[in-house]
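One structure below.
The values are calculated or read from the model by the stated rules, or taken from the named source; none is laboratory data. Note that the coordinates shown come from a computational prediction; the quantities given were computed from them, not determined experimentally. Counting neighbours? That spans all protein chains shown, and the Cβs are built from the backbone with ideal geometry, glycine included. All accessible areas refer to the heavy atoms of the entire protein, side chains included, with ligands and DNA or RNA removed. Shrake-Rupley method; radii C 1.70, N 1.55, O 1.52, S 1.80 Å.
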Amino acid sequence: MELKVYLSGEIHSNWRETIMEQCKALSLPVSFTTPVTDHEASDDAGDVLGAESNSFWKDHKSAKVNSIRISKGIGDADLVIIKFGEQYRQWNAAFDAGFAAAMAKPYVVIHPKEFTHALKEVDAQAKAVAEHEDQVIEILRYLTLSK
């Protein structure tokens with residue numbers, strides 16, 4: 001059984017690559033999809049629809065274009081993994097958690113202990129709350145056991 005996993009959340013570290021590389025090294029039957037992780041490209045996704053002088057409308061158009069990929073990724077996934085990084089507030093990650101919950105998609109969150117209170121609603125709907133990527137690798141290993 002191949003597990004389809006969508007990797008959502010912060011884009012300022014290599015956590016996605018860590019998980020993907022470890023799964024490959026362990027020969028786990030897992031495939032991954034992600035949002036666009038190039039910050040500038042994501043911010044400019046709506047520019048194809050025309051330039052905007054007002055940043056609200058620029059962001060609005062880009063968010064709508066990005067939502068096509070995100071909706072598809074979450075919709076196709078068997079599991080969503082969402083990381084909340086320490087450097088920035090990822091409001092989009094919290095939205096993705098709510099979207100996954102609304103679609104009845106199981107999700108796992110990764111965040112430091114200090115975020116527990118701020119993310120209590122997100123954590124309450126999660127199937128697991130991890131502090132480190134290695135914990136997620138172990139969950140994926142368990143989920144793909146064939147015996």
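In the chain, once you exclude exposed GluC sites (Glu not before Pro) (DSSP loop, at most 12 other Cβ within 10 angstrom), what's the longest stretch remaining? So the longest stretch without any such site is 3-85. In this structure, the amide hydrogen of Lys83, modeled 1.01 Å from its nitrogen in the peptide plane, lies closer than 5 angstrom to those of Ser8, Gly9, Glu10, Ile110, counting only residues at least 5 positions away or on a different chain. Modelled spin-label separation between Gln87 and Ser31, with each label point placed 7 Å from Cα along the Cα-to-Cβ direction: 3.1 nm. Distance between the 7 Å Cα→Cβ label points at His60 and Thr116: 4.1 nm.
Return a whole-number percent for the relative contact order of region 1-94, with Cα pairs under 8 Å and 6 or more residues apart as the contact set. Could the numbers behind the result be given before it?
Values: 111 pairs, mean separation 40.1, N = 94.
43 percent.
Normalised per residue, the accessible area of the chain is 61 Å², obtained with a 1.4 Å probe and no contribution from ligands, DNA or RNA.
Quick one: grab the alpha carbon gyration tensor of the chain, order the square roots of its eigenvalues as a ≥ b ≥ c, and give me rounded if a/c is under 1.5, else prolate or oblate depending on whether a/b is larger than b/c.
On the way: a/c = 1.94, a/b = 1.59, b/c = 1.22.
It comes out prolate by the Cα gyration axes.
When Lys and Arg each count +1 and Asp and Glu each count -1, what net charge do the other residues less than 14 Å away from Glu52, Cβ to Cβ, add up to?
Details: positive: Lys58, Lys61, Lys64; negative: Asp43, Asp44, Asp47, Asp59.
It works out to a net charge of -1.
Computed in the context of the full set of protein chains, the accessible area of region 102-147 at 1.4 Å probe radius has 56% of its extent on carbon or sulfur. Between the helical axis of 55-76 and the longest alpha-carbon principal axis of the chain there is an angle of about 30 degrees. With respect to the chain, whose longest principal axis is taken over its alpha-carbon atoms, helix 91-102 is tilted by about 60°.
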